[in-house]
Each structure stands twice: as C-alpha cells, then as structure tokens.
Amino acid sequence: MAEPLIRLQQVTKSFGPVDVLKGVDFEAYAGKVTALVGDNGAGKSTLIKGLSGVQPYDGGVVSFEGREVHLTNPRQASSLGIEVVYQDLALCENLDIVQNMFLGREELKQGTLDEAAMEFSAIKALQSLSVRTVKSVRQKVSSLSGGQRQTVAIGRTVLRNAKLVILDEPTAALGVAQTEQVLNLVRRLADNGLGVIIISHNLADVFQVCDYISVLYLGNMVARLETVKTTRDEVVAYITGTKVLEGVNE
Amino acid sequence: MNSQSLGSGHEGSLRDQIGAYFQRLRTGEMGALPAVVALVLLAVLFSALSPYFLTKLNFANLFVQAAELATLAIALVFVLLLAEIDLSAGVTAGVGMAIFTILNQKLGLDPFISIVAGLAFGALVGSTLGFFVAKIGVPSFVVSLGFFLAFQGLQLIMLGDGGIFRVDVPFIKSLMNDNLPGWAGWAFLGIMLAVSAFLSLWDRARRRNAGLVNRPISLMFIKLATIAVLGGIAIGILNENRSVSIIDISGVPIVVPVVIGILFVGTFVLDRTKFGRHLYAVGGNPEAARRSGIKVAKVRITAFIVCSTLAVFSGLLHASRIGSVESTAGRTIVLSGVAAAVVGGVSLFGGRGRLVHAVIGALVIAIIDNGLGLIGLPAGINFLVTGGVLTAAATVDALSRKRSSGSIVRT
Ligand SMILES: Nc1ncnc2c1ncn2[C@@H]1O[C@H](COP(=O)(O)OP(=O)(O)O)[C@@H](O)[C@H]1O
Ligand SMILES: [Mg+2]
C-alpha cells in the first residue's frame, strides 16, 4: 500500500473535561474515497475541524504527504491542499457560478477582474469532473438545484488545487437523482487522483462510492474497513458499539 | 439542456440572446425594467395632464432636479447592497456643507479646500458608522438614526437656528445652473460612446484570448446605437433655446456629465474590481464571504465611507441648485434617496442592484415630484404618492426575492 496522503496518529481533543477524540488513528489515500462514519456525537465533526485547521487538535501527530504538519488555521490547511465542503456550502446566491468558485481568490489583470480567465478555469475545473448538469457557468447560484450547488462547491475545491477534499454530509439534503450526481462527482475527484474524505450517515452512499470505511465510536476509531471486504451489518455493529475492536479501551 | 459542453450564456445567435433575456425576466431578475416602464408611463400621464410637462425647459429641469437625488441614491446603493441603510446620509451632507460654508465664508479658506474638508467629514462619518456596524454589530438602522438626530443638532449649532448662508463661489453655482456649450454636449456623447465601445471590445478581446465564445457583436452595436439615439435626442433637445425670456438658455446642464461620470466610475468599481465583487458577496452571504477569506468588516466600513462621502457631494449639488447652505438641509431627502434606489430595482435584502437602477429610480421620483407640482396638486399629495411608490417597490422587491428563492428546487 502506498503512503497515505494524510495520516493521523493518536490525535486527541478535549473540551474542558470532555475528551472528544481519545487518541484517534486515521488515514486517507490519494485516489481513494474514505468514509468517516459514526453515530451523532462520535466526534466526526471535531476530527474534520482539526484537519481543516478550524479547531486544532490538542495532541497527536498529523502527517501530510509523509511530512509532519501542524494544522493551526484554515488558511494554512488550504495552502497545503486541504479543502472542506461544509454542509451549508457557503455560496453566495446572488453571484454566478464562476464568481462563487473564485470568491476570495479573484484573478486580476491590469488591476481589474479577469473574468475571461476565471471563466475559462472554472469551465475546465467543472469539465474535469465531467459536470453535465449545469447549463451555463454564468448562472446565478440562486437558480441552481441542491445538487448543482454541491457541484459548484466541489468544483471550487478543484480550482483551489486541493489534494485532499473533505465533504461533510454532501448528500444529506438531496433527492435520489441529485445524490447520484454528487456521488459520481465524488468518485471522479478520487479518479482524478485526489484524496477524498466523506462524512455520511447514509450507508448506501458509503458502500456505493467509498474505498475505505473508518468508524468512530465515542471518540475512538473502532474500525478501518475495506468496503469490498465488509458488510453493512458489520459497519452498523461498529457504529452502534455492539462490536468493538479488540484492544480499544472504553 | 446541452449535455456536450458547459456554456457561459455567451453562446448563440442574437435571437438566442434575446430569448435568454426574456427567460431571466421570467425568473424574477427584472432589474430596472419596471422602473423604466414606470418612467415612460409617468411621462405619458403627465404630458396628458399638464401642458407644461413636455416643454424643453421642463425637460432640462427634470435632469437638474434628479441630479442630487440620483447622486444620493448612488451613494446609498453601496450600503443597500450590504442590506444595510444609512438614514443619516442627508444630514451628513448638511453638516458637510456647513463645514464648507464656515471654512469658506467665515475663515476665508479656498473654496476647493473647503469642499475637500466637507468630503473628508463625510469619509469620517462613514468610517464611524461602518465601525459601529461592522465591528460592534449595532444595526445600521439604529446607528444611522442616532446620527440623523445628532447631526440635525450639529447643523443648528454650526449655522445657528434658521441660519442660511449664500453660496457665491462661481464654479459651485455653475454646477447646477450652467450649461455646456452645444458642441461640448455632442463631444460628451462621443466620449460616452467611445468609452462604452472600448469596454465592450476590451472584454471581447479578453474572452477571445482566453479561448471563450463572445456574444454576437451585433449586441454591442445595438447597445451603442441605443445610447447614440437616446443621448442624441436628449442632447438635441437640450441644445435648443429653452428660455421663456429673451436670454438664451441652451445646452446640457453641467451636472449631467458629472452625475454620469460618478455613475460610470462607481459601476466600474462595482463590476470590475475586487472590492466590488466582495461587496456583492458580503451582501449576498456574509458567512460565505468570511469563509472565502474576504475581510468582511473592511468591506462594510469601506461601503459606508463611500456612501457618506458621495452623500456630501450630493449636498454640494443641492447647495449649488438653491444657492445657499441652510441649517435644516438634508432632513427629508434621504428617504427619497432610498425610495429612488428601491424603485429602480435595488434590493433592500442586499446583494442585488446596480447604480444605474438608482439613477433611473431617481428620475422616477423626480418626475413624480415635477409632474405633481405642474398639475398643481398640494405638496401633501406628493408625499403620499412617493410613499406609495416606495411601498410598492419594496413589495415587488420582497416578492421577487421569494420567487427566486422559491425556484431553488429545479432539477
Ligand atoms: N466546541 C465544543 N465544546 C464542547 N463540546 C463540544 C464542542 N464541539 C463538540 N463537542 C462535543 O464533542 C462531541 C462530538 O461532537 P462532534 O464532533 O460534533 O460529533 P459528530 O460530528 O460525530 O456528531 C459531542 O459530545 C459534542 O457535544
Ligand atoms: Mg457533526
């Protein structure tokens, strides 16, 4: 197995007396989709916030591309190539797709916005994901469906040259057809060589698109499974705590 | 839907482009269209009701009457785009002009320096308002209401109760009272056409160099022809003698190119600079803007500075028109300014609207004002009508916002 794109070793995080992450090991690979599952309160969001630099870990070792890194703020995580697509997407509905994809990183030429260059790059990024559901990249986001908005948010991470894309519940608010679109997109990200981590409650989605499944249970990583070698029942058992990995202390 | 390639809305023939325009109208992105229609209807109505409405003199008066309102409305758009408001803009202009008068007349300073001091006061007010709104989190409605009251007091203290000071500086008086020579009007139209053509060609060149499709060039010619025809008619009329006495009065009022210049520079900033883009972003979704690394507070404060400074300039236009600075100036105009912007199609919910909307809206309000005056209705009616129009426009704004967010789920 190749070296992981990102590797967490024994990371911990506490809020006052509450230990939310109790020494978690986790890894994700370039070109692979890794699911992070677990019941509410298991610590998934906390784990992700550490990776994105929003809420640094208290202890443990984080290695990115084999080198130890200290993720202390979002800008720094982003400059390493770690991008998060939050559940609420954070798009401006009054702006169009290109404008949203370049928000905060507008390209300038002769001191003015270089709309042509930005449009070109946006189209290329979306094409690299084989996006077919969007008619015009100059559509306002207010006119887009939930799935199309996800597409824009994911496309934005590609534009930012992400190496690791983390998606928080990307399909939670979507219908069947749109879920399918977004899952295809997620797969395509990985096929393009990016590492993808996806938080999901929907095991059908997870089994459809993920290569690995990591299960958090009350702040402990209780399982790391290869999708092809496991079953839904087994994953559910880990999530609910009826099955516990040997050697993990409660 | 085309499954082959991702478009950008620039593809297709002229026909497709026009179709796309009507499609946008249907989805509630009507922009300034309702205001333009209202403008035409009002003009027809008042022409029928008053023989004085459709005269050359009144035509010129309309522009002058709309000028200060248009400038104030342009100023307000910068904060309205953030879903904020500045109720103190009018009296900020009043205090700015009081500063001008005191420096210029009482202390004998150079008029130009005195104006700059007034504008600097505007910038200071804007940064203070912006600080309260962006850093402390006081609603702009409340802070600016506080400033609105306080500055009325400041005006009285500075100029005295009932204080009126004549403005005798020639170049200030000529802003609203003098006209360009005939040739200069045509030259100005030529410059507008040239600049407009240059910007279109510049954009087209950039797109071509990036390997992108351009809209049919006929669209550019249609746009230029529209400017040429409408501008040509207006200048043709303005260049004729409109005097009712023996002294010849003709030419484009000087204030017209001034306001159009402000409109042009402001639009350039909003459409083509980072600040403009960030302003719309913060107005649309502040949290998204913040997460994208935009310095939201800085954008907000800058918008308030632009608003208050431009407001002081509109105060200068007012002083130029009436020829004096009064201790009560600017109390009522701010609501007309907001009305103008909203009537023109600027959303009170932030993130939607353009400066040209404010100018068109100002023309609507000015026509109502002017027409009702000519018919000879009491001033009370004027307030009622303007208030009604504002309420109607705000309702349209709210409904079209509902409509565009109601159409989210469309696969
Ligand atoms: N900022 C915080 N302060 C205190 N407790 C927190 C904070 N963030 C998360 N927690 C706690 O940490 C635990 C894990 O939360 P979270 O990471 O959001 O879980 P998940 O995303 O898996 O549902 C929960 O018990 C939650 O209450
Ligand atoms: Mg969570």
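Heavy-atom accessible area, probed at 1.4 angstrom with all protein chains present, ranks B:Arg272, B:Arg242 as B:Arg272, B:Arg242, highest first. Magnitude of the charge dipole for the protein assembly as shown, about its Cα centre and with charges confined to Cβ atoms of Lys, Arg (+1) and Asp, Glu (-1), is about 920 debye.
Can you grab the distance from the C-alpha centre of the range B:113-173 to the C-alpha centre of the range A:115-179, Å, no decimals? The two parts, judged by their Cα centres, are 46 Å apart.
A 1.4 Å probe, protein heavy atoms only, puts the accessible area of B:Tyr52 near 140 Å². Over chain A, DSSP H runs of length four or greater, each weighted -39,500 (n - 2.57), average out per residue to a 222 nm ellipticity of -9500 deg cm²/dmol.
Between A:Glu68 and A:Lys243, what is the FRET efficiency for a Förster distance of 41 Å, r being their Cβ-Cβ separation, to the nearest 0.05?
Efficiency for this residue pair is about 0.80.
Sorting B:Met192, A:Met101 on solvent-accessible area from highest to lowest, probe radius 1.4 Å, gives B:Met192, A:Met101.
As an equivalent ellipsoid, the range A:129-250 spans semi-axes of 31, 15, 12 angstrom, where each value is the square root of five times an eigenvalue of the C-alpha gyration tensor, largest first.
Overall shape of chain A was characterised from the C-alpha gyration tensor. The equivalent ellipsoid obtained from it has semi-axes of 32, 20, 15 Å, in decreasing order. Based on every Cα atom in the protein assembly as shown, Rg and the maximum pairwise Cα distance Dmax equal 29.8, 106 Å. Compared with the direct C-alpha span, the chain from B:Leu45 to B:Lys223 gains 61.3 nm at full extension, assuming 0.36 nm per residue.
Computed with every protein chain present, the accessible area of B:Phe171 is close to 100 Å² [probe 1.4 Å]. Taking the Cα-to-Cβ direction at A:Asp25 and at B:Leu25 and moving 7 Å from each Cα, how far apart do the two end points lie in nm? That separation, rounded to one decimal, is 6.7 nm. In this view, the solvent-accessible surface of A:Glu68, computed with a 1.4 Å probe and all protein chains in place, comes to about 110 Å².
One decimal place: the segment B:Val116-B:Leu57 gains 18.0 nm when fully extended, by the rule 0.36 nm per residue minus the C-alpha distance.
Rounded to the nearest 500, the helix-only mean residue ellipticity at 222 nm of chain B stands at -24000 deg cm²/dmol, with each DSSP H run of n ≥ 4 adding -39,500 (n - 2.57). Over all distinct alpha-carbon pairs, what is the Kirkwood Rh of the range B:1-148 in angstrom? Result for the range B:1-148 stands at 20.0 Å.
Extension gain for B:Leu145-B:Leu201 works out to 15.6 nm (0.36 nm per residue, less the C-alpha to C-alpha distance). With 29 Å as the limit, the listed pairs A:Lys49/B:Lys295; A:Lys163/A:Lys229; A:Lys22/B:Lys298; A:Lys32/A:Lys124 have A:Lys22/B:Lys298 beyond it between alpha carbons. List the trypsin sites (Lys or Arg not before Pro) in the range B:298-393 that DSSP assigns to loop (not H, G, I, E or B) and whose Cβ has at most 15 other Cβ atoms within 10 Å. Which are they? Passing both the DSSP loop test and the Cβ count: B:Arg331. Solvent exposure of the protein assembly as shown amounts to 44 Å² per residue of accessible area, where only protein heavy atoms count and the probe is 1.4 Å. Under a model in which nothing but the beta-carbon of Lys, Arg (+1) and Asp, Glu (-1) is charged, chain B shows a dipole of about 1560 debye around its Cα centre.
The values are calculated or read from the model by the stated rules, or taken from the named source; none is laboratory data. None of these values were measured; they are calculated from a predicted model. Cβ coordinates were reconstructed from backbone atoms using ideal geometry, including for glycine residues, and neighbour counts include every protein chain displayed. The protein model used for the area step is the full one, side chains on, heavy atoms only, and it has no ligands, DNA or RNA in it. Shrake-Rupley method; radii C 1.70, N 1.55, O 1.52, S 1.80 Å.
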